[in-house]
Amino acid sequence: MGFCAKHKNPNGHKSWYITLRTLCTLFIMNCTLSVSAQTLVYLEHSETLSFDQDRIADAQILNGNVIFRHDSALMYCDSAYFYEGTNSLDAFGHIRFVQGDTLQGFCDKLFYDGNTKLARMRQNVRLVHGREDENPTVLTTDTLNYDRITNIAYYYSGGKVKDSLNILTSVRGNYQPDHNLAVFSMEVLLTNPKFTLSSDTLRYRTDTKVADIISPTTIVYEKETTIRSSRGWYNTDNELSMLLDSSVVEHADGKSITGDTIYYDKSIGFGQVIGNMAMRDTIQHATLYGEYGEMWEEGSRGYATDSALMVDWSDSAHIAYIHADTLFTEEIAYPDSLLAMDSTITDSTYRRIRAFHGVRVFRDDMQMVCDSMVYLGSDSTIYLFTNPICWSDNQQISADSMRLYIVNGAIDHALAIQNALCVMHDTLDLYNQMGGKEITAYLIDGEVKLVDVSGNALTIYYPKEDDGGYIGLNTTESSFIRVYIEDQEIQRLRFTKETNGVLYPLDQVPELTDRLANFFWEEDSRPISPEDVFRRTK
């Protein structure tokens with residue numbers, strides 16, 4: 001007979017009842033569900049069973065081929081203390097813990113709580129995930145806790161995880177069989193037949209063999225490559241990786257790449273870089289920058305685009321800054337015939353740099369603009385194409401194409417080919433000019449000292465008195481003219497015998513006589529600093 005309470009409906013239409021019997025029924029159902037969630041541990045087998053209330057109260061003492069069952073798990077051991085009242089047990093000797101058909105645990109001691117489903121495994125612990133004939137993942141440690149509710153095993157005093165490809169060790173770690181995921185922390189070391197990986201914290205998937213980089217990590221291929229990254233992932237199986245946050249890939253030959261995002265395939269030696277890319281070559285003393293680029297280890301090839309810049313510090317006194325829409329760098333093998341002809345060549349390769357569209361170059365001793373450029377290390381020559389212009393101090397040289405010859409890292413001389421023009425800006429906005437089919441300018445310590453003009457050579461220049469006063473305007477025409485320059489001023493000229501010339505007083509210069517037909521002065525396009533190479537001009 002239950003207690004009944006009657007309550008009037010606030011609307012006054014119907015009545016409703018809550019009985020004590022109903023409340024009791026609900027309470028009993030809830031308790032039943034709680035008990036059913038905490039399933040009992042069952043003793044399946046034991047050769048002997050005894051009690052010793054004085055020594056181990058409330059425990060069944062079991063010996064010989066002991067077997068327990070809890071849900072889908074089976075536990076085997078030599079002996080055990082079974083606490084039926086607390087639904088727990090302590091197991092000893094040759095312990096084997098089996099859950100399903102893919103997870104087994106082995107140890108010398110096991111402390112198991114059936115209510116919390118927590119197994120504390122101690123001494124010579126080995127957790128095996130996967131079938132024995134399918135290269136299972138094996139976790140070994142001396143102290144392991146396995147939570148059957150979350151299906152997570154964790155250790156905190158040193159452990160090792162071994163799969164078909166890698167061995168991972170750390171001070172702390174956990175393994176999640178459901179997700180084939182291991183998380184390691186403190187002194188993490190991954191050993192692979194090809195490389196080693198060290199980190200402070202690492203996530204690793206045993207099915208895909210992918211390591212998630214979540215803290216400063218170093219991957220070392222001995223005598224080949226070193227990767228440094230704080231965020232990204234590395235597939236230890238196929239050696240593919242995505243490296244973030246200004247990671248670095250360094251090679252033993254002095255080359256390295258860095259950037260915001262690097263997609264790197266070590267197996268084929270290929271890298272793709274997005275954002276703040278820098279490819280550095282400490283042997284060639286050059287760095288290639290850009291917002292996007294790619295590199296191939298074979299041939300040391302690479303290119304950069306989107307704010308592309310090459311900085312060449314091979315001549316420490318005159319660092320070169322080269323900008324173009326796209327910059328390429330690579331090593332080219334010498335042809336066998338060339339090797340046979342030139343016994344002075346000791347290296348089997350030479351460097352080639354190519355720059356396409358909108359080329360702008362700044363060195364403190366010379367500045368250049370053109371449409372495209374090629375540098376060949378085989379003869380240390382820079383080739384400039386499509387209306388190149390070069391400046392040095394107050395001098396400007398232009399032509400249809402040009403060649404710059406490098407000696408010991410410095411520009412030795414420049415050759416301007418077809419429609420060649422050399423202009424020297426003097427004071428009072430006067431321009432000394434030399435034009436011809438070809439012009440060769442020779443430099444010493446970064447200054448033009450001698451200019452040879454050949455092929456319909458024309459000059460317009462302003463000779464001076466010893467006191468610096470102008471004598472007048474001199475025009476000459478010859479097949480060859482040699483011009484000597486000192487302190488950025490013309491000192492004297494040498495001509496062939498077949499030379500025509502006229503000297504005009506400054507106040508009697510005929511109109512248009514002071515300009516060659518192809519004269520121009522393009523100072524506005526001249527790069528004036530390393531940053532100025534990015535400036536767009538006409």
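What whole-number distance in Å separates the alpha-carbon centres of the range 363-433 and the range 253-327? Centre-to-centre distance over Cα atoms comes out at 26 Å. Averaging the sequence gap over all C-alpha pairs within less than 8 Å and six or more residues apart, then dividing by the number of residues, gives the range 156-293 a relative contact order of 12 percent. Measuring how big the chain is from its alpha-carbon positions, Rg and Dmax come out at 41.8, 141 Å. Computed with a 1.4 Å probe on the full set of protein chains, the accessible area for GLU498 sits at about 140 Å².
Considering helices alone, the calculated mean residue ellipticity of the chain at 222 nm is -1500 deg cm²/dmol, with DSSP H runs of length four and up weighted by -39500 (n - 2.57) and normalised per residue. Classify the range 163-260: rounded, prolate or oblate, from the alpha-carbon gyration tensor (a ≥ b ≥ c, eigenvalue square roots; a/c under 1.5 rounded; otherwise prolate if a/b is larger than b/c)? It comes out prolate by the Cα gyration axes.
Rank ILE417, VAL407, VAL359 by how far each Cα sits towards the positive end of the charge dipole of the range 356-422 (+1 on Lys, Arg Cβ; -1 on Asp, Glu Cβ) and give me just the farthest. Towards the positive end, the residue furthest out is VAL359. A probe of 1.4 angstrom, applied to the heavy atoms of all protein chains, finds SER479 with accessible area near 70 square angstrom. The mean sequence separation of alpha-carbon pairs under 8 Å and at least six residues apart, normalised by the residue count of the chain, gives a relative contact order of 4 percent. Highest mean packing comes first when the peptides 425-431, 256-262 are listed by Cβ atoms within 10 Å, giving 256-262, 425-431. Accessible area per residue for the chain, computed on protein heavy atoms with a 1.4 Å probe, is 51 Å². Using Cβ point charges alone (K and R +1, D and E -1), the dipole size of the range 357-437 about the Cα centre works out to roughly 220 debye. Between the helical axis of 20-37 and the longest alpha-carbon principal axis of the chain there is an angle of about 60 degrees.
Shape of the range 368-419 from the C-alpha gyration tensor: oblate (a/c of 1.5 or more and a/b not above b/c, with a ≥ b ≥ c the square roots of its eigenvalues). Only one residue of SER215, PHE519, TRP391 has its Cα farthest out toward the positive end of the dipole of the chain, where Lys and Arg carry +1 and Asp and Glu -1 on Cβ, and that residue is SER215. Summary value for the range 97-217: 14 percent relative contact order, contacts being C-alpha pairs under 8 angstrom separated by 6+ residues.
Accessible area of the range 460-538 with a 1.4 Å probe: how many percent of it is carbon plus sulfur?
46
In this structure CYS77 has an accessible area near 10 Å², from a 1.4 Å probe over the protein heavy atoms. Restricting the GluC sites (Glu not before Pro) of the range 185-240 to loop positions (DSSP other than H, G, I, E, B) with no more than 13 neighbouring Cβ atoms within 10 Å leaves GLU222.
The values are calculated or read from the model by the stated rules, or taken from the named source; none is laboratory data. Predicted model only: the values in this text are computed from it and were never measured. Note that we place each Cβ from the backbone using ideal geometry, even for glycine, and neighbour counts take in every protein chain shown. For accessibility, only protein heavy atoms count, side chains too; no ligands or nucleic acids. Shrake-Rupley method; radii C 1.70, N 1.55, O 1.52, S 1.80 Å.
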